[in-house]
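Here's the structure we're looking at; comments come further down.
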């Protein structure tokens, strides 16, 4: 019964000192941050594409994938801002299964969170250094934010965390865009309330300090579909769904209203190869409605080097060990198709 204290976790300061961000890469990230914020506040008309593996479990494969994204970014630079997904924390519905590199730097070995924190910072750093694309991660543990906050250009708060007070308040103090997913129930009011909370100033306890935040004007919505009482997926990327959320945004008076569509999860019923079709339907909805053209600002796509998913022990290089992902060839075709539709 009770807790077994295994080891003390290194401080964020010590990890950042051991694995520092160089001045050159700081400037790269600052430029990227501005480009992404400009897309959300309509200073530019670029479309956001948050794309990458469901979970980042192998540094070499992740960095190879992101280097390929960097070459693809050059081809669509006038229309799309590509933000690589490097998701190192994985929420589990039942609490069982692989919880991400932060827990297990080697998914076939026992958990080691102290080493995991070093491993995820190293991977984010390497990806930025090799590709000059700063990345996205999911906020699963708000108090872990200082370990990566100088490296990330985008953060998502997942369906199981979006109603949590600490996630909302932490988001209010970050200076990068934060995407709030609708909960698995599909209740978009919960998502809108999270955006409202994150856009406002708060005083609360954060990493042993009483802090005051400024509010984050770039908190926005991510629609990921829902699951009903019987476990059936209910998509929410269709035209009527988008219009309903857009109109709610206007009613609530939120700043920089923006909607990102997650093309996988319950929207695809985890049929990963449906993601391009879903994405193109969203683009048609944007063309049909000036309101949606303004408010739908991007897509979130699960993609990796090899399509599908595998068991941890199979060891296929560049293939997801969590949710199935779109393979590279299909990804390349889709991104170019997406750019042509803008």
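Exposure proxy shown here: for 237, 5, the number of other Cβ atoms within 10 Å sets the order, fewest to most, as 5, 237. When the Cα centres of segment 297-339 and segment 233-260 are compared, how far apart do they sit, in Å? Each part's Cα centre sits 26 Å from the other's.
How large is Rg over Rh for the chain, taking Rg from the Cα atoms and Rh as the Kirkwood inverse mean of 1/r across Cα pairs? When Rh is taken as the Kirkwood radius, the ratio is 0.94. Normalised by the number of residues in the chain, the mean separation of alpha-carbon contacts (under 8 Å, six or more apart) gives a relative contact order of 16 percent. This ranking places 123, 300, 174 by how few other beta-carbon atoms lie within 10 Å of each, fewest first, which gives 174, 123, 300. Semi-axis lengths, largest first, of the ellipsoid equivalent to segment 123-192 are 24, 12, 9 Å, with √(5λ) applied to each eigenvalue of the Cα gyration tensor.
Quotient of the Cα radius of gyration of segment 298-337 and 2.2 N^0.38 Å, N being its number of residues: 1.21.
Let me test this: with uniform point scatterers at the alpha carbons of segment 111-261, what is the Debye-based log₁₀ I(q)/I(0) at q = 0.09 1/Å? Those come out to -0.31, one per q. Expressed as a fraction of 2.2 N^0.38 Å, the C-alpha radius of gyration for segment 81-158 is 1.07.
Radius of gyration (Cα atoms) of segment 177-221, expressed as a multiple of 2.2 N^0.38 Å: 1.29.
The listed peptides 212-225, 243-256, 73-86, ordered by packing as a protection proxy, come out as 212-225, 73-86, 243-256 (highest mean of other Cβ atoms within 10 Å first).
Enclosing the Cα atoms of segment 231-304 in their convex hull gives a volume equal to 95 cubic angstrom per residue.
Over segment 1-128, all Cα pairs binned in 5 Å intervals from 0 give whole-percent P(r) values of 2, 9, 15, 18, 19, 15, 11, 7, 3, 1, 1, 0, listed from short to long. For 338, 299, 291, the sequence from fewest to most other C-beta atoms within 10 Å is 291, 338, 299.
Read the figures in this text as sums done on the coordinates, not as results from a lab. No experiment lies behind these values; they were computed from the predicted model shown. Here the Cβ is made from the backbone with ideal geometry for all residues, glycine too, and neighbour counts use every protein chain on show.
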